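Have a look at the structure below, then the notes.
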Amino acid sequence: MNCLSISVRSQVVTALVEGTSINATCRMTGVAKHTVLKLLEDMGCAAAEYHNAHVRKLRVRRIQADEIWAFVYGKDKNLTLEQVQAGAGSVWTWTAIDADSKLIVSYMLGDRGAATALSFMRDVAGRVTNRIQLTTDGHRVYADAVEDAFGADIDYAMLVKIYGASNDNPESRYSPATCIGCRTGVLAGNPDPDHISTSFVERSNLSMRMGMRRFTRLTNGFSKKLENHGHAVALYFMHYNFCRVHKTLRVTPAMEAGLTDHVWTIEELLGLNEKAAL
């Protein structure tokens, strides 16, 4: 197999992190599909390893957490038991964002159950060094997971949004129900009521849907393999944290959080793993 030049690899990675599908990336760059997928795998593994090793010992004040749905290969109702056991079907991406620096502190793929919530919250707790204020939505599994991971050393509140009745009219079939109110519940500590919010993490979820073709609804761009889905998520978050300048902050989240002193280039991103040179 011929070795791709740095410029061509940069073009491929740039297309992928900007939400371009695999097939479209192949057409734009002239690189074979299996080569693009191999580069995605290498970069995804390198990004996950770097995040796990270096996004730690953080001093943050407020974290917001949420989970976002996608599916691999097919939707649950269309799959056999064997396909589900092989990793197909619904997959949830759990994310925790620092409300000040906009850094993605932690992310995890899994189902929406208690075991994944527990692993996720333990990971969040292992990356911060001080007492934090945490806000999540009303998903029940968070309560026990947060207590297990943080104990009493946290200020934790749930924000539950109340939605009106759904509308089945054709014009609004794919629109979310109208939010008609919110209620908060304090589960631990003394969280600041002015900062009980999930707005930033929900906006981050929107960026994910727009920045990864695999998350776009009502298309055939969904992931066909769970492994490739995980690689795409890891690469996206690495680029988001270290390479992408936040419009409000005017620096990258990693710079705002003190993890780096400059905006990373795509070439630096490629340098995370020499295996990316195919």
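Below is a table of values for the structure above.
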quantity: Scan of segment 41-65 for residues that are crowded, with 20+ Cβ neighbours inside 10 Å and of a type outside the set (A, V, I, L, M), ordered by number; calculated: Asp42, Gly44, His51, Gln64
quantity: Test set (1) open to solvent by 70 Å² or more (accessible area, probe 1.4 Å); (2) of a type outside the set (D, E, K, R); (3) more than 27 Å from Leu109 (Cβ to Cβ); (4) at pLDDT 95 or above - Ile180 fails condition number; calculated: (4)
quantity: Among the residues listed as Thr252, Thr198, Thr260, the single one being open to solvent by less than 20 Å² (accessible area, probe 1.4 Å) and over 30 Å from Asn23 (Cα atoms); calculated: Thr198
quantity: Given (1) in contact (Cβ under 8 Å) with a residue 12 or more places away in the chain; (2) over 14 Å from the mean Cα position of the chain (by Cα); (3) surrounded by 17 or more Cβ atoms within 10 Å (Cβ to Cβ), number of the condition Cys26 does not satisfy; calculated: (1)
quantity: Restricting segment 215-227 to residues that are in a helix (DSSP H, G or I) and over 14 Å from the mean Cα position of the chain (by Cα), the residue that is farthest from Gly258 (Cα to Cα); calculated: Leu226
quantity: Ile97 vs. criteria on the phi < 0 side of the Ramachandran plot and open to solvent by less than 50 Å² (accessible area, probe 1.4 Å); calculated: yes
quantity: Among the candidates Asp66, Asp123, residue that is modelled with pLDDT of 95 or more, of a type in the set (Asp, Glu) and closer than 20 Å to Phe215 by Cα; calculated: Asp66
quantity: When residues of segment 126-152 are limited to those that are modelled with pLDDT under 95 and surrounded by 12 or more Cβ atoms within 10 Å (Cβ to Cβ), the one nearest to the chain's Cα centre (by Cα); calculated: Asp137
quantity: Verdict on Thr20 being among the hydroxyl-bearing types (Ser, Thr, Tyr) and assigned to a helix (DSSP H, G or I); calculated: no
quantity: Of residues in segment 100-115 being in a loop (DSSP other than H, G, I, E, B) and over 22 Å from Ile132 (Cβ atoms), the one least open to solvent (accessible area, probe 1.4 Å); calculated: Gly113
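The values are calculated or read from the model by the stated rules, or taken from the named source; none is laboratory data. All figures in this text were calculated on a predicted structure; none of them were measured in a lab. Because the Cβ atoms are built from the backbone with ideal geometry, glycine has one as well, and the counts that use them run over all protein chains shown. The accessibility values were calculated without ligands, DNA or RNA, using every heavy atom of the protein model including side chains. Shrake-Rupley method; radii C 1.70, N 1.55, O 1.52, S 1.80 Å.
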